[in-house]
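> Before I ask anything, here is the structure I am working with.
The values are calculated or read from the model by the stated rules, or taken from the named source; none is laboratory data. If you're wondering where the values come from, they're calculated on a predicted model, not measured in any experiment. Here Cβ is always computed from backbone atoms with ideal geometry, including for glycine, and neighbour counts include all displayed protein chains. Note: areas computed on protein heavy atoms with side chains; ligands, DNA, RNA excluded. Shrake-Rupley method; radii C 1.70, N 1.55, O 1.52, S 1.80 Å.
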Amino acid sequence: MIRSLPAVSALALVASVAYATAPASAPASLPASAAAPAAAPVPAPPSVTARSWILVDHFSGRTLAQERPDERSEPASLTKLMTAYVVFAALADGRLKPTDMATISEHAWHAEGSRTFVQVGTRVPVDILLKGMIVQSGNDATIALAEQVGGTEPAFAQMMNEYAHRLGLTSTHYVNSDGLPSPEHYTTARDVATLANALIRDFPQYYPLFSVREFMWNNIRQGNRNGLLGKDPSVDGLKTGHTDSAGYCLATSASRNGMRLVSVVMGAPSVKAREEASAALLGYGYTFYETIRLKSANEMVLKPHIYKAASEFAPIGVPHDVYATVARGQAATVKTRAQLSREPLIAPLTAGQNVGELTVADGSGAVIERVPLVALSAVPQGGLWTRAWDSVSLMFH
């Protein structure tokens, strides 16, 4: 069959978008009468009492507030977020099971600081040690988990650093699993936020452990040190930390009406100060911003003509959900623009092959997100006649 030449180029598609409840049915443009009102003023973030902090939207990745977020800090027990990540990875790929029994070593039993009160020589289930580490922040339970997964705590620390590299934690280095002070053990508020987001994204099956309020072990009731869990019903994690040199630290995540925020406070002067700082940052984010889903994973964005292919058109879309965080009330002003990196498209294409870019702009026209456009399915070459005809057609493109 001889195919007709495409009359209109599919080089770009510009579309206005509305709320994520119906991203596929967003209108091509807003009528003049539906123009969004001028944005309400967004005040400066609250001033909180801590050495450094950051507030990030989980889905879009946009930073909403920060103060010295890249300043090197002692993580204290926020270290256990990475310990949890490594252990969760072992659970997820079957190298470790919740029912596995870990033998408590002398090294784990002698751990300084907060404790889960496990006894040397005893065998304790991994799921109990996880609760001991996450809920009670027990250093003994943490070291026992590190030894179970890594053989020794130093070997486990090497695993922690490798995962830190994979996750893009550019200013983080670990020498132990529990967070006791060491000159070469450090992180930043930004890296902690990145790690917290990775935990939520990569291990949703284990993340609920961070919202456990208390548990019983060996007839000892052990409570969660994150006081915001009992004060704000939208808060569902993550972790506290404290040493004399690090001060009081808190990584917090909350979810309200589908919008999830992560705040990290480093070096507050007290438990009360770290909780007040975290609550103020979360309140600021939810009051003045909103997050919308613009595109769903594998949603088709373009269907351009493709030459020398078995099919006439190629489905092009986004490989993952696309979100934008904007000033509250300004969702209708967000626009997306899809553009192929080269035209014409010529077969073959492999599934997932990068062929363009989707840009997201706010009401001012500033680009706030860039997402690759990929072939949603493989597009093989057509037959000999199709390829020959399209070679001629390309001469007139």
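> Kirkwood Rh over alpha-carbon pairs of region 212-255, then Stokes-Einstein at 4 °C and 1.567 mPa s: what D in µm² s⁻¹, rounded to an integer?
For these conditions, the coefficient is 111 µm²/s.
> Find the relative contact order for the chain and round it to a whole percent, using C-alpha pairs within less than 8 Å whose residues are 6+ positions apart. Don't jump to the answer; show the numbers that get you there.
Values: 878 pairs, mean separation 78.0, N = 397.
20 percent.
> Which value in nm describes the separation of the simple spin-label points at Arg256 and Met300, placed 7 Å from the Cα toward the beta carbon?
3.9
> Sticking with this one: Sum -39500 (n - 2.57) across every DSSP H segment of at least 4 residues in the chain, then divide by the residue count to get the 222 nm mean residue ellipticity, nearest 500.
-7500 deg cm²/dmol
> What is the gain in length, in nm to one decimal, between Val120 and Gln205 on full extension, counting 0.36 nm per residue of separation less the C-alpha to C-alpha distance? Can you show the working numbers first?
Values: separation 85, 0.36 × 85 = 30.60 nm, distance 3.03 nm.
Result for the pair: 27.6 nm of gain on full extension.
> Roughly how compact is region 175-252, stated as its Cα Rg over 2.2 N^0.38 Å to two decimals?
Against the compact-globule rule of thumb, the ratio is 1.21.
> Between beta-carbons, use under 14 Å as the cut-off and find the net charge around Thr252, counting Lys and Arg +1, Asp and Glu -1.
+1
> Excluding ligands, DNA and RNA, what is the solvent-accessible area per residue of the chain at a probe of 1.4 Å, expressed in Å²?
44
> Right, something else. Where a Cα-Cα gap under 18 Å defines reach, which lysines qualify for Lys295, not counting those fewer than 8 residues away within the same chain?
The qualifying lysines are Lys303, Lys335.
> Order of 96-103, 146-153 by packing, highest average Cβ count within 10 Å first?
Highest to lowest by the protection proxy: 146-153, 96-103.
> When we measure straight from the Cα of Lys272, which lysines land under 25 angstrom away, once same-chain ones fewer than 8 places off are left out?
Filter leaves Lys80, Lys131, Lys231, Lys239.
> Which value, in debye to the nearest 20, describes the size of the charge dipole of the chain about its Cα centre when Lys and Arg Cβ atoms bear +1, Asp and Glu Cβ atoms bear -1, and nothing else is charged?
Using Cβ point charges on Lys, Arg, Asp and Glu, the chain gives about 900 debye.
> Report the label-to-label distance for Glu162 and Ala40 in nanometres (one decimal), using points 7 Å from each Cα along the Cα→Cβ vector.
5.0
> Here are a few candidate values for Rg/Rh (Cα atoms, Kirkwood Rh): (i) 0.95; (ii) 1.03; (iii) 1.08. Which one was actually calculated from the structure I just gave you?
Computed from these coordinates, Rg/Rh (Cα atoms, Kirkwood Rh) corresponds to label (iii).
> I would also like to ask the following. For the residue pair Ser171 and Asn219, what label-to-label distance in nm results when each label sits 7 Å from Cα along the Cα-to-beta-carbon direction?
According to this spin-label approximation, the distance is 4.9 nm.
> Count the net charge of all other residues whose Cβ sits under 9 Å from the Cβ of Phe215, scoring Lys and Arg as +1 and Asp and Glu as -1.
Summing Lys and Arg as +1 and Asp and Glu as -1 gives +2.
> Under a cut-off of 12 Å between alpha-carbon atoms, report the aspartates and glutamates in cross-link reach of Lys97, not counting same-chain residues fewer than 8 places apart.
Hits, sequence-local ones excluded: Asp127.
> Can you run phi through the Karplus equation (6.51, -1.76, 1.60; θ = phi - 60°) for region 162-168 and list ³J(HN,Hα) in whole Hz, with x for Gly and Pro?
5, 5, 4, 5, 4, 7, x
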